[in-house]
């Protein structure tokens with residue numbers, strides 16, 4: 001019985017850390033996909049799809065450009081598109 005309780009605690013910790021890693025990993029992939037999204041968005045002919053992409057990346061743009069991550073964001077997004085003409 002005691003062994004089962006310990007296994008249950010261990011499994012609970014495993015689920016917790018797995019969830020944390022998935023959330024952090026998913027958020028990181030989302031934010032890092034901003035560069036490719038900015039690169040491909042002007043190449044898409046459908047205005048509706050472009051608007052969907054723009055709306056989907058508003059939170060990522062905020063995280064990247066309205067926080068202390070801005071220097072990293074300018075460098076990273078600059079690898080995909082020219083950001084020198086952007087608002088500063």
Using only the alpha-carbon atoms, how far is helix 47-56 inclined from the longest principal axis of the chain? Give it as 0 to 90 degrees, nearest 10. 50 degrees
Gain in length, residue 84 to residue 58, computed as 0.36 nm per residue apart minus the alpha-carbon separation, to one decimal in nm? 7.4 nm
What nm distance separates the two modelled labels at residue 15 and residue 45, each placed 7 Å from Cα along Cα→Cβ? 4.9 nm
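Ignoring everything except DSSP H segments at least 4 long, calculate the 222 nm mean residue ellipticity for the chain; use -39,500 (n - 2.57) per segment, divide by total residues, nearest 500. Intermediate results must be reported in sequence, preceding the final value.
On the way: 5 runs with 65 residues, N = 88.
Taking each H run of at least 4 residues, the total per residue is -23500 deg cm²/dmol.
Given Cα pairs under 8 Å that are at least 6 residues apart, what percent is the relative contact order of the chain? Numbers along the way, then the final one.
Values: 34 pairs, mean separation 25.9, N = 88.
Taking the mean separation of contacting Cα pairs over the length of the chain, I get 29 percent.
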Going highest first, how would you order 23-34, 7-18 by mean Cβ packing within 10 Å? 23-34, 7-18
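Values quoted throughout were computed directly from the atomic coordinates according to the rules given, and no laboratory measurement underlies them. In this text the structure is predicted, and so the values were computed from the model without any measurement. Counting neighbours? That spans all protein chains shown, and the Cβs are built from the backbone with ideal geometry, glycine included.
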